[in-house]
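Structure record follows, encoded as structure tokens.
The values are calculated or read from the model by the stated rules, or taken from the named source; none is laboratory data. Predicted model only: the values in this text are computed from it and were never measured. Virtual Cβ from ideal backbone geometry, glycine too; neighbours counted across all protein chains shown. Please note that ligands, DNA and RNA were not included when accessible areas were found on the heavy atoms of the full protein model with its side chains. Shrake-Rupley method; radii C 1.70, N 1.55, O 1.52, S 1.80 Å.
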Amino acid sequence: MGVLAESCIEDGISTSPSDQPVFSVDTLNLGTLFTTQASPTFSFVVYNRHDKVMNISDISMRNGTVFRVNVDGVAGHRFSNVEIRPNDSIFVFVEATLPEAGQPLPVTVDDYLDFVTNGVTRSVVISATGQDVKQLKGFVVDTDMTFDNTLPYQIYDSLVVKEGATLTLTEGTKLHFHDKASLKIHGTLRSMGSAEKPVEMLGDRIDNVVGSIPFDLMASQWEGVEFHPGSKDNYLQYTCVRNTVNGVIVDSLGVDTTPGVVLVNCRLRNSAGYSLISIHSHIEAVGCEIADAAAGVVGLYGGYNIFNHCTFANYYLFTAVGGPTITLNYLFPDKDDDGSGMPFMTARFTNSIIYDGLGRQDISHGDLAGSDVIFNHCLFKSAGDDDEHFLNCLWDTDPLFFTVRNDYIFDYRVQEDSPAIDAADPLLTDPRTAVDWYNVPRIATLGAYQYTPAEQPD
């Protein structure tokens, strides 16, 4: 452990200009931070790789900007004669509170932490990007209201849409939810993202967990989206909901001819529970990616459920997955009638991929005889055979996603030799998803994303 000069070190002290500290990073990037809010604490290590004591005569921020520094347990603005024992190291901790930028675009602040050792100055770049944000605390939408993309919204407690009110989110709107916050819809939500500017709903930690690994990979940052009984006419397009505890919950929104929730080219991903739960509701999802959840990706309980050109995939990162990719409940009048009097499940899955990359079941029921559930032109990881409930399906087949779980890459487009290419039936394609999330015209690839060589990642 390094010490400040007040301690007495009897080892010889190096005076050679060639003896210099080694830093664990060249640049300490604090990532994107909301302005006026204190950042988490970041750190790096300073090593003495030599056989004599190293005396760093001066450590200071070159421009004296917004960064706060702690050297080896001592906070301050400037540090003199910091000694590091031979082949030892010290920690440097950095925090920041970035000033309000006064503009919608993020602003990056860079400075240099200079270390002067034996007459030679070496530096670590300290960088952070500030984003102004509009804070909402316990906000209630009780009349028709529109949120736009001028600034991101940071939401504490819950954002509640009252019955009879409509909240419209224009393209590019970002809602960042604080811990324990949620979006509760008793009225109507219209989320009108576009391929160029999707709507995003995510946690409010937008920095990195460690190194270059972003908090965007972490579930349980906020509760999720809840559609409550009485809500109606909800429509979401090009909308990404991620990093949740419970994903999207659709509760008792009817099973008549009018869907309670329509999802077009949406992404629901990275949940500590399910990414989507529907209970006795009419939902329609077309062109959607529904992925990566600890309980299983989708939980359906009764209701009228339409899924067309969807990708259901589970490569959840942080804990063992508890259930199948798709769990079906309330299917059979003679087996699981709960006395609710609600209609039993009707479900149609067409031109879709159902693939559990972690070795769990794809769906909870292998035998659907007696139910009103049909999978038509779908790809499964599981082995199986077609029957009256499984039509023209690909069994025991790898779709060849670009996902590499160990490298934190979760890309559910398919590679050029994927068996999902040209395996869809264009006659079954819902016209609402004529193009995919990337605005690529849909032809005949199974799943949420149309294959095209021009749109594949490097």
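Screening residue 437 with (1) assigned to a loop (DSSP other than H, G, I, E, B); (2) more than 25 Å from residue 262 (Cα to Cα) gives one miss only, at (2).
Looking only at residues in the stretch 129-152 that are out of contact with any Leu (no Cβ under 9 Å at 6 or more places or on another chain) and assigned to a strand (DSSP E or B), the one that is farthest from residue 200 (Cα to Cα) is 137. Considering the conditions (1) buried (at least 21 other Cβ atoms within 10 Å of the Cβ); (2) part of a loop (DSSP other than H, G, I, E, B), residue 155 is excluded by exactly one of them, (2).
So which of 316, 330, 274, 304 is on the phi > 0 side of the Ramachandran plot and of a type in the set (Phe, Trp, Tyr)?
330
The combined condition, being small (Gly, Ala, Ser) and more than 29 Å from residue 220 (Cβ to Cβ), is not fulfilled by residue 296.
Checking each residue in the stretch 358-380 for being surrounded by fewer than 21 Cβ atoms within 10 Å (Cβ to Cβ), touching a residue at least 12 places away in the same chain (Cβ under 8 Å) and under 28 Å from the mean Cα position of the chain (by Cα) picks out 358, 360, 361, 364.
Any residue that is exposed (fewer than 15 other Cβ atoms within 10 Å of the Cβ), touching a strand residue (DSSP E or B) at 6+ places or on another chain (Cβ under 6 Å), of a type outside the set (Phe, Trp, Tyr) and touching a residue at least 40 places away in the same chain (Cβ under 8 Å) - is there at least one of those in the stretch 434-441? For the stretch 434-441, residues exposed (fewer than 15 other Cβ atoms within 10 Å of the Cβ), touching a strand residue (DSSP E or B) at 6+ places or on another chain (Cβ under 6 Å), of a type outside the set (Phe, Trp, Tyr) and touching a residue at least 40 places away in the same chain (Cβ under 8 Å): present.
From the list 86, 40, the lone residue that is over 30 Å from residue 151 (Cα atoms), of a type outside the set (S, T, N, Q) and surrounded by 12 or more Cβ atoms within 10 Å (Cβ to Cβ) is 86.
Scanning the stretch 69-86 for residues that are modelled with pLDDT of 95 or more, within 41 Å of the chain's Cα centre (by Cα) and not hydrophobic (A, V, I, L, M, F, W, C) yields one hit, 70.
Looking at the stretch 392-420, which of its residues are outside any loop (DSSP other than H, G, I, E, B) and surrounded by fewer than 15 Cβ atoms within 10 Å (Cβ to Cβ)?
The answer is 404, 405, 406, 407, 409.
Answer yes if at least one residue in the stretch 332-342 is buried (at least 19 other Cβ atoms within 10 Å of the Cβ) and out of contact with any Lys or Arg (no Cβ under 9 Å at 6 or more places or on another chain), and no otherwise.
Checking the stretch 332-342: not a single residue is buried (at least 19 other Cβ atoms within 10 Å of the Cβ) and out of contact with any Lys or Arg (no Cβ under 9 Å at 6 or more places or on another chain).
Only one of the numbered conditions (1) over 20 Å from the mean Cα position of the chain (by Cα); (2) modelled with pLDDT of 95 or more is violated by residue 183, and that is (1). Screening residue 108 with (1) surrounded by fewer than 15 Cβ atoms within 10 Å (Cβ to Cβ); (2) within 30 Å of residue 163 (Cβ to Cβ) gives one miss only, at (2).
Considered as a group, the residues in the stretch 2-26 that are at pLDDT below 95 and in a strand (DSSP E or B) include one that is surrounded by the fewest Cβ atoms within 10 Å (Cβ to Cβ), and that residue is 13.
Yes/no matrix, rows are residues, columns are (1) within 29 Å of residue 43 (Cα to Cα); (2) open to solvent by 40 Å² or more (accessible area, probe 1.4 Å):
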residue: 159; (1), (2): no, no
residue: 180; (1), (2): yes, yes
residue: 183; (1), (2): no, no
residue: 186; (1), (2): no, yes
residue: 194; (1), (2): no, no
residue: 197; (1), (2): no, yes
residue: 218; (1), (2): yes, yes
residue: 224; (1), (2): no, no
residue: 228; (1), (2): no, yes
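Selection of the stretch 249-272 for residues being open to solvent by 10 Å² or more (accessible area, probe 1.4 Å) and of a type in the set (Gly, Ala, Ser) yields 252, 254, 272. Taking every residue in the stretch 44-60 that is part of a loop (DSSP other than H, G, I, E, B) and pairing it with any residue that is of a type in the set (S, T, N, Q), at least 6 positions away or on another chain, the pairs with Cβ-Cβ distances below 8 Å are 48/87; 48/89; 49/87; 50/14; 50/87; 51/87; 52/14.
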